[in-house]
Amino acid sequence: MVNYYNIFFINEYFILMINNKTIKKISFNEVIFNNFIESDFKNFIKKKGLFLFPSGPGLSNLNKKKKYLKALKNADFNFLDSGFFVILLNYIKNIKVNKFSGYKFLKIYLKFL
C-alpha cells in the first residue's frame, strides 16, 4: 500500500492526513500535536525526546503564557491530552482526533516495560 500525504488548512489549523483516512498531526498556534492511538505506541516510544501532555487551561492561555507556548513548540511530541480541546476539534471544527492522556500513556508504558 502506497502512503500519500495530504496537507490542508482549516482556518488557523493545518492537518496532515495519510491516505485521506488518518489524521496524524495537527497544528494549533504553531504547536504541532500528534494524533496517536494505542497501536502507534511501540513506534513512538522507541524515539527519544520530550513528550508533553498539555492541559486544557494551559492551552486556553497560550497568548499570555509565552514560556508554556515555547515549551510546546520545542517538544518532540505533544499529545492531545485535553478532552475539551478534542471535543472542540471534533464537534466545532469537524476534525476527528483521539484523546491520548498522560494517564493512558503511563498505563501503556508500564506494561511496555
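Of note:
- Sorting 81, 76 from the fewest to the most surrounding beta carbons within 10 angstrom yields 76, 81.
- Three-way shape call for the stretch 19-113 based on the alpha-carbon gyration tensor, with the a/c threshold at 1.5: oblate
- Cβ-based exposure ranking for 85, 79, in which fewest neighbours within 10 Å come first: 85, 79
- Sequence-distant residues sharing a close amide H with residue 52 (under 5 Å, placed H): 77, 78, 79
- Across the stretch 48-62, computed HN-Hα scalar couplings (Karplus, 6.51 cos²θ - 1.76 cosθ + 1.60, θ = phi - 60°) run 8, x, 9, 9, 10, 10, x, 7, x, x, x, 5, 6, 10, 4 Hz from first to last residue, x flagging Gly and Pro.
- Sorting 33, 105 from the fewest to the most surrounding beta carbons within 10 angstrom yields 105, 33.
- Per-residue HN-Hα couplings for the stretch 77-86 [Karplus 6.51, -1.76, 1.60; θ = phi - 60°; Hz; x = Gly/Pro]: 9, 10, 8, 7, 8, 7, x, 5, 4, 5
- Taking amide H as placed 1.01 Å from N in the peptide plane, residue 25 has its amide H under 5 Å from the amide H of 16, 35, each at least 5 places away in sequence or on another chain.
- Within the straight-line cut-off of under 30 Å between alpha carbons, the lysines reachable from residue 70 are 24, 25, 42, 46, 47, 48, 93, 96, 99, 104, 107, sequence neighbours fewer than 8 places apart in one chain being disregarded.
A short reminder: the numbers here are calculations on the coordinates, not readings from a lab. Small disclaimer: the values here were computed from a predicted structure and weren't measured. Every residue, glycine as well, gets a Cβ built from its backbone with ideal geometry; the counts of neighbours run over all protein chains shown.
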